[in-house]
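All remarks here apply to the structure that follows.
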Amino acid sequence: MLQQFINRKYELEFLNDKYNENKRELIIIYGRRRIGKTMLIKQFIENKKYIYHLCTLDSMEDNIDSLKNQFSIITGKGYFNDLKSNFYEVFKYFIREIESDKIIIVLDEFPNLIALNHGIISIMQKIFDELMDTTRLYIILSGSSISMMEDELLSYKSPLYGRRTGSLEINGFDINNIKYFYNSNIDDLIKINAVFGNIPFYLSLIDKNKSIEENIKHKILKKGEILYEEPKILLKEEFKEPRIYEMILRHISLGHNTYGEIVNGTHMDRGNISKYLETLVSVKLINYILPLNQKRRGIYEINDYFLNFYYNFVYPNLSDLEINRVNDVMERGSSRDINTY
């Protein structure tokens, strides 16, 4: 479990420093799924007075009911469960009860509430402006949808612009930290990085007692394993048109790196494909690299080693992998090919 927090010293210190300021806080934490946001938050709130709520897409009423129940427990006031109140009013009653008490409220996967009611952002602004001024309430809004977190909470157009007291983008590990997941020589660590990438959760799935090839076979190529399904789930959670983004990523992984090559490979309209490429860049799944001293003719590269590996070695073989022909795929994609990759 401690491995999840390798290289998270700065983030924990930041959150604790804010906690020790003894004033109202509104912290935004974001980063792609599996990056370790929730584990970081749970490490931070340990041994502190807190309410943790995982926002769901069930309904706004269900989310409010869950919060009312937790407010009731932490304050010892049973009337919360009987309230017929909206989100703002429930917070108003809660803040009235806690007065100057120091409590952390975590609203994890906050974009789910935005999807249910876009007005929740303005409601959070109202809570911060009208209810929290004299409190020591510490609110964390966390989310995996990078595009939604940046556009809806961090941009200057957001109702929360100027209200947040801090923000953290959680990134993956560098290669120096991968040795804690697969303790081997530098060549093997480079291979692990090239295949599994730098996402803590992906790295935590590696079996230290097996070879890299065996880990690929059993952790990535085997139908039903988490990493076998991960790219599709990632794209479905982040985008409204995952099929189009998957097609673009596939062609970039094949070496179609220029704008023209991507257009020709996907057969998409030149006027439409730009917005998809811009979105992929904005959520940091791809990079746009310009040659030195040039403003045009850049190239696109996948900014995630695991996704690049997936679209090179897994995606083209899905038909075989779906009927469990893992050994056949491994033989075709020999160790030599993987080492070359």
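Structural remarks
- Scan of region 200-234 for residues that are in a helix (DSSP H, G or I) and crowded, with 19+ Cβ neighbours inside 10 Å, ordered by number: P200, Y202, L203, I212, N215, I216, K219, L227, E230, P231, L234
- Considering the conditions (1) surrounded by 14 or more Cβ atoms within 10 Å (Cβ to Cβ); (2) part of a helix (DSSP H, G or I); (3) touching a helix residue (DSSP H, G or I) at 6+ places or on another chain (Cβ under 9 Å), K42 is excluded by exactly one of them, (3).
- The residues of region 262-310 that are of a type in the set (K, R) and either within 29 Å of E169 (Cα to Cα) or part of a loop (DSSP other than H, G, I, E, B) (or both), listed by number, are K275, K284, K295, R296, R297.
- Across region 99-109, the number of residues qualifying as out of contact with any Lys or Arg (no Cβ under 7 Å at 6 or more places or on another chain) and buried (at least 17 other Cβ atoms within 10 Å of the Cβ) comes to 5.
- Residues of region 179-211 classified as under 21 Å from T38 (Cβ atoms) and touching a helix residue (DSSP H, G or I) at 6+ places or on another chain (Cβ under 6 Å), total: 9
- When region 163-188 is filtered for residues that are assigned to a helix (DSSP H, G or I) and either at positive phi or not acidic (D, E) (or both), the ones remaining, listed by number, are I175, N176, N177, I178, I186.
- Qualifying position, being over 24 Å from N22 (Cα atoms) and surrounded by fewer than 15 Cβ atoms within 10 Å (Cβ to Cβ), among N112, N86: N86
- Matching residues, region 47-87, being basic (K, R) and over 22 Å from K37 (Cα atoms): K68, K77, K84
- Qualifying residue in region 80-97 (condition: touching a helix residue (DSSP H, G or I) at 6+ places or on another chain (Cβ under 7 Å), over 30 Å from N171 (Cβ atoms), of a type in the set (K, R) and touching a residue at least 12 places away in the same chain (Cβ under 8 Å)): yes
- Among the residues listed as I120, I146, the single one being surrounded by 15 or more Cβ atoms within 10 Å (Cβ to Cβ), assigned by TED's automatic domain parsing to the domain that holds N20 and under 18 Å from E89 (Cα atoms): I120
- For I190: the one exception among (1) in the same structural domain as M39 (by TED's automatic domain parsing); (2) within 25 Å of the chain's Cα centre (by Cα); (3) without any contact (Cβ under 8 Å) to a residue 24 or more places away in the chain: (1)
The values are calculated or read from the model by the stated rules, or taken from the named source; none is laboratory data. Nothing here was measured: the structure is a model prediction, and the numbers come from that model. Note that each Cβ is placed from the backbone with ideal geometry, even for glycine, and that neighbours are counted across all protein chains shown.
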